[in-house]
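Everything below concerns the one structure shown next.
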Amino acid sequence: MLEENPRQWHEKLSEILWAYRTSKREATGMTSYALTYGHDAILPTEITVQSIRIGQQHNLVDEDYSQAMLLELEGLDIGRIDTVDKLLVGKEVVARAYNKRVKNKSFEEGEIVWKAVLPLRSHMAGY
């Protein structure tokens, strides 16, 4: 797509951002759109085909619609907390994998713990 005309990247940017924002991330299990707005984005094909979600939304009375939005907002907080928990678990897994290779060493006072390797025929003042 962009390989043919790399100078036209700005024309495809909005489509790429839409795809990124509406696809689920593996780390969170949710889309960034859903984390922001509390529900998944309504895709243009859903409007054209009249999906069940769109059909139910049009049949709601104003009061019912407001109540549904309030329930969605309450669910959003739970979803965000679950997402943070998933991210923390993922960070712990990465930390454990990294720390497997770390070897603890303790040093006593007076031990040499740093060695300067100088280029040939150079001298360090004080040594």
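A Förster distance of 25 Å, applied to the separation of the beta-carbon atoms of LEU35 and SER14, puts the FRET efficiency at 0.80. Here each label is just a point 7 Å from Cα along the line to Cβ, and for ASP77 and PHE107 those points are 4.9 nm apart.
Subtracting the Cα-Cα distance of GLU26 and SER122 from their residue separation scaled by 0.36 nm leaves 29.2 nm. Modelled label positions at ASP85 and ARG7, each set 7 Å beyond Cα in the direction of Cβ, lie 5.3 nm from each other.
Any read-out appearing in this document is the output of simple, stated calculations on the displayed coordinates, not a laboratory observation. Predicted model only: the values in this text are computed from it and were never measured. Neighbour counts are summed over all protein chains in view; Cβ atoms, including those assigned to glycine, are modelled from backbone coordinates with ideal geometry.
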